[in-house]
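Accompanying notes for the structure given below.
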Amino acid sequence: MKYKELFAKKLVQACNGVVEYGDLIQRIEIPKHESLGDYAFPCFQLAKFEKMSPNKIAENLASDMNDPSFEKVEAVGPYVNVFLNKTTVASDVIHLVLSQEGKYGSSEIGEGGAVTIDLSSPNIAKPFSMGHLRSTVIGNALALLVEKVGYCPIRINHLGDWGTQFGKLITAYRKWGNEQKVREQTIKELLNLYILFHEKAELDPVLEDEGRKAFKELEQGDPEAVRLWDWFREESLKEFNRIYDLMGITFDSTNGEAFYNDKMQRVIEMLEEKNLLVESNGAMVVDLGEDTPPCLIKKKDGASLYATRDLAAAIYRYETYDFSQSLYVVGNEQSLHFKQLIEVLKKLGFDWADHMHHINFGMMLKDGKKMSTRKGKVVLLEEVLSEAIELAKENIEAKNPNLENKSVIAQQIGVGAVLFHDLKNDRRNDIDFSLEDMLRVEGETGPYVQYTHARACSILRKGNYQKGETIEELDEEAWSVVTKLRHFPNVVERAATEYDPSQIAKFVLELSRAFNKYYGQVRLLEENSSKQARLQLVSAVAIVLQEGLRLLGLHAPKEM
Ligand code: ARG
């Protein structure tokens with residue numbers, strides 16, 4: 001059913017193999033206008049070989065080419081334009097979708113290779129920020145996408161659970177902490193302690209030394225320090241897990257930074273062996289030339305750093321998973337860190353560092369400004385999700401109060417709205433946070449696509465649709481829907497290879513629009529000879545919408 005390939009093959013035959021298949025297929029274009037057909041081939045390059053004008057070549061090629069899948073082939077100036085046979089193509093596409101169902105669009109490009117995806121990765125004892133939400137949502141969609149094209153995704157939540165800040169936190173807790181309060185509202189309370197520490201440390205610098213000392217104790221395994229740290233970690237994770245459960249996201253590993261505590265010495269030895277470590281103001285760094293600032297490996301007081309742990313983690317991931325790609329879904333602001341990380345690994349002689357990619361993304365803004373944790377401007381993620389679910393619930397009560405499983409569906413819509421809002425734009429752009437926008441049932445939202453899917457399911461129920469042989473008769477108006485369905489596998493492939501879930505989001509929006517237009521033009525349930533064919537198309541649309549939504553991490557309720 002690969003019509004582009006078919007066209008390329010026919011072109012090779014028509015030009016007697018003067019140009020190779022691989023070369024030809026690259027030049028095939030999709031015309032901007034439907035009136036110019038489904039594919040176009042420009043003949044300029046062939047003109048060099050044939051010593052003939054491109055227009056003449058186009059004419060010759062067009063007259064030499066035919067196939068049952070082509071309705072007509074015509075030369076327009078220097079182009080050969082192909083119009084696909086709508087009946088054949090529609091029945092091929094619909095047949096394929098109905099027989100493959102959720103597998104439609106899947107491929108084996110990845111050949112089973114492992115892709116590690118570093119996603120979410122919040123810092124314990126701190127609120128789960130919008131940045132971590134973005135990382136979670138984008139990372140999960142990428143995992144689903146690479147899986148769809150035949151890789152094996154490994155989701156890693158690289159928790160920020162190590163570093164000097166935990167020395168400060170332990171110190172603060174020892175001085176001013178209250179066990180009861182921490183138990184009840186862990187993150188809020190720990191954040192308060194952390195802020196308090198900084199306020200007091202400004203007046204009394206000795207506190208900083210105490211903090212450093214406490215982190216040393218932690219690094220060296222002092223039981224009391226470890227017990228406190230462990231407790232902070234457990235309680236924080238409980239809070240994070242509530243959010244992950246709401247979103248239906250799980251991880252293959254929650255090895256955070258602390259996991260690498262005993263794996264950093266080896267990295268330092270490797271660096272020493274290659275003479276890469278140099279001293280700079282008492283700290284140890286790796287020099288990265290003129291254009292990149294040096295990578296800090298060890299502080300003056302011997303404490304390890306974020307980058308040191310990431311070096312150990314990268315090596316550990318390679319040795320454990322033998323990845324074919326290693327992705328890090330982390331905000332734009334860490335671009336330098338990942339650049340340094342990859343450069344240091346290359347200096348260590350690890351060629352696989354070429355397969356590490358920083359999947360960067362923009363900020364979530366509120367009223368055009370950055371959301372910050374410190375100044376109380378933070379929008380708590382759990383509150384956002386609950387509010388979205390609440391609004392979805394109100395909507396259902398108003399429009400469809402007899403719906404079964406109301407609360408499950410409200411959750412699917414509310415969470416879906418938040419996820420889709422994040423994924424529909426190019427991830428590198430900043431996005432504006434707006435709960436109302438997210439939940440609109442018209443416009444570019446998750447609920448709009450979910451609603452379209454539910455509408456398709458409802459038509460199938462009303463029309464008493466039965467699976468069966470695909471029937472060919474379809475109305476002219478169906479063609480734009482069929483064309484969208486036909487492109488789905490290409491969209492999946494591009495989205496996966498370009499690490500860009502927004503292409504899937506845009507696709508499901510376009511398919512929804514095309515379908516809703518069709519729904520407005522044609523009486524789908526009218527009893528006539530093509531009713532079954534129409535229902536088959538509706539069923540194919542429902543399948544592809546559901547699969548597209550799934551790839552973004554959204555549910556597709558059958559009724560809403
Ligand atoms: N915990 C870090 C932060 O919140 C993100 C970690 C990203 N992953 C990594 N391997 N560095 O900024």
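Key figures for this structure:
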item: Vicinal HN-Hα couplings computed from phi for the range 278-285 (Karplus, 6.51 cos²θ - 1.76 cosθ + 1.60; Hz; Gly/Pro x); result: 10, 8, 8, 6, x, 9, 9, 9
item: Percent of Cα pairs exceeding the 41 Å cut-off, where the set is the chain; result: 37 percent
item: Sum of -39500 (n - 2.57) over DSSP H runs of 4+, divided by residues of the chain (222 nm, nearest 500); result: -17500 deg cm²/dmol
item: C-alpha long axis of helix 306-321 to longest principal axis of the chain, angle in °; result: 50 degrees
item: Violating pairs (Cα-Cα greater than 27 angstrom) within the set Lys424/Lys558; Lys148/Lys393; Lys393/Lys484; result: Lys148/Lys393; Lys393/Lys484
item: For the range 189-236, alpha-carbon Rg relative to the globular expectation (2.2 N^0.38 Å, N residues); result: 1.24
item: Quarter of Cα convex hull surface for the range 119-198, i.e. mean projection, nm²; result: 6.2 nm²
item: Rounded to whole Å, sorted largest first: equivalent-ellipsoid semi-axes of the range 435-560, Cα gyration tensor; result: 25, 17, 12
item: Over 25 Å between alpha carbons, listed pairs Lys238/Lys300; Lys32/Lys86; Lys339/Lys369; result: Lys238/Lys300; Lys339/Lys369
item: Apportionment of accessible area to carbon and sulfur, the chain, percent (1.4 Å); result: 47 percent
item: Within the chain, percent of DSSP bridges classed antiparallel, to nearest 5; result: 55 percent
item: Alpha carbon convex hull of the range 1-134, projected area averaged over orientations, nm²; result: 13.1 nm²
item: With Cα atoms, 0 to 90° folded angle of helix 264-273 axis to the chain main axis; result: 90 degrees
item: Folded to 0 to 90 degrees: helix 223-247 orientation relative to the chain principal axis, Cα; result: 20 degrees
item: The range 40-198: equivalent-ellipsoid semi-axes (sqrt of 5 x gyration tensor eigenvalues, Cα, Å); result: 63, 20, 13
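The values are calculated or read from the model by the stated rules, or taken from the named source; none is laboratory data. Every value quoted in this text rests on a predicted model; they were computed, and no experiment measured them. These area figures cover heavy atoms from the full protein model, side chains too; ligands, DNA and RNA do not enter into them. Shrake-Rupley method; radii C 1.70, N 1.55, O 1.52, S 1.80 Å.
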